[in-house]
Amino acid sequence: MLLVLVDRSIEPSLGPDVVAALAGLGVSSAAILADDRTVAVVLEGWAFDPVRSEEAAVTALVGSLRGVRTLQQIAHVGVTQDAGRIPSGSLGDRGAVLRGVQEQARKSER
């Protein structure tokens, strides 16, 4: 998964040529989100390698890397009513980040 963030003044394109280019990179799903300042495009696909294809995907969407910020997925967590803590060491350094987020959420619930 790759999250592409651009200023609202930049219009990402999902026309036929862009969709074909993204499909060639392994993207099978694209979602667009926006607020008054930012447009976000979420690119996903089981064959999509965001590390290898980040520059090509962004260039297809907006024409250049200028003024673009990207975020790559570090974890995917299924959420249920019975969800427990993430076991120590299960995600390496990323697990430490997620445990910190969990602790912050618990503190804010109090």
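Taken together, the values in this text are just the output of simple stated rules run on the coordinates, not laboratory data. All of these numbers come straight from a predicted model, not from anything done at the bench. All Cβ positions, even for glycine, are placed from backbone atoms using ideal geometry, and neighbour counts span all protein chains on display.
Okay, here's what the table says:
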{"item": "Full-extension gain in nm, Leu33 to Ala21, via 0.36 nm per residue minus C-alpha separation", "result": "2.3 nm"}
{"item": "Efficiency of FRET between Leu14 and Val77 - r from beta-carbon atoms, R0 25 angstrom, step 0.05", "result": "0.35"}
{"item": "Protection proxy ranking of 56-67, 24-35 - average other beta-carbon atoms within 10 Å, highest first", "result": "56-67, 24-35"}
